[in-house]
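Structure, as structure tokens:
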Amino acid sequence: MPEHDIPQVPQPDDAVVGKEAGAQMLATACAARDAFYATLGEVDADVLAPLVNPAFTGGPRWPSLRQAWRVIRRADSILIASDGLSDPFEDDDDVFVPRGHLLEVCIEAPLSAFDGGAVQASWLFDVIYQVSQNVADHGSIDLLVQRHGSVSMALEVQDAPMGLEDENAQVGVLLAQGTATIPPSLATPYGAVMLLTATVLQPAEMAHIGEAADKAQSRRDLAAALGASPTGHWSVASRPAVIPR
């Protein structure tokens, strides 16, 4: 092989090459995601996005660089969903691979949790913002969910409601697929995208996971118990802890 010949790395069958093809792939992915979110409730016309992209200041880079969240209003709740984690990836050779991190994340809470204030100023938005950034930084949360059924994480949440933080001043969050009101995935022309629902945990619930010998099973049991509880997978600051037996 001549020295100047560089072996080509095989690309996925659904990858496209070139800026124009990549822009079309992004537009198609966004349209599919927008259409799905519209089935969940009334979607605000404006997206929530940082004034300065965190990727430019040392934060994780999202697949198409764009970072945004959608606010979806329901009769008695508000849902905040990431908008971009499943955008196509672009490499240095202008090869675009669809579905990005293969997932989006969302959080749902009763209207009363926002107290009529701006969604972006709420502690709930800080939760889903941090969850989204953790997903982008980790890169393989989808594999963990496929293997274990759910994932938990601890976050330092701004203005967390009293009683929600543990002894380390952190708030626990459980990520799982599918609730009574939120489907487990959304369809795109390039395949399914996983939709993970984030549920804020009570300190006792997070401690239950930490103390369990089989943490994966404890998370699965907790997800089932939350689903059967009066508030389901809504993120409610003040509620009784649900501890599976």
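The values are calculated or read from the model by the stated rules, or taken from the named source; none is laboratory data. These numbers were taken from a predicted model, which means no experiment stands behind them. Glycine gets a Cβ as well: all are built from the backbone with ideal geometry, and neighbour counts include every protein chain shown. Remember, those area values only see protein heavy atoms, side chains included, never the ligands or the DNA or RNA. Shrake-Rupley method; radii C 1.70, N 1.55, O 1.52, S 1.80 Å.
Computed over protein heavy atoms with a 1.4 Å probe, the accessible surface of the chain works out to 49 Å² per residue.
Computed over protein heavy atoms with a 1.4 angstrom probe, the accessible surface ordering of 106, 30, largest first, is 30, 106. Each of 49, 59, 97 was placed along the dipole of the stretch 1-130 (beta-carbon charges, centred on the mean Cα), and the one lying farthest toward the positive end is 49. For the chain, adding -39500 (n - 2.57) for each run of n ≥ 4 DSSP H residues and dividing by the number of residues yields -9000 deg cm²/dmol at 222 nm. Accessible surface comparison of 19, 215, probe 1.4 Å, protein chains only, largest first: the order is 19, 215. Derived scalar couplings between HN and Hα for the stretch 186-191 equal 10, 8, 9, x, 9, x Hz in order, rounded to whole Hz, by the Karplus curve 6.51 cos²θ - 1.76 cosθ + 1.60 (θ = phi - 60°), x for Gly and Pro.
Take residue 69: with every protein chain present and a 1.4 Å probe, its accessible area is about 0 Å². A Cβ-based charge dipole, computed about the Cα centre of the chain with Lys and Arg at +1 and Asp and Glu at -1, lands at about 840 debye. Extending 7 Å from Cα along the Cβ direction at residue 66 and again at residue 228 yields two label points whose distance is 4.3 nm. Report the residues of the stretch 212-245 in range of a label on residue 181: point 7 Å along Cα→C-beta, backbone N strictly under 12 Å from it. Within reach of a label on residue 181: 231-236.
Anisotropy class assigned to the stretch 104-245 is rounded, per the alpha carbon gyration tensor with a/c under the 1.5 cut-off. For the set 188, 181, 199, 57, solvent exposure ranked by accessible area (probe 1.4 Å, protein chains only) runs largest to smallest as 57, 181, 188, 199. Counting only whole DSSP H helices of the chain, the ones at least 15 Å long by C-alpha along their axis and with mean Kyte-Doolittle hydropathy no lower than 0.0 are 19-40, 123-138.
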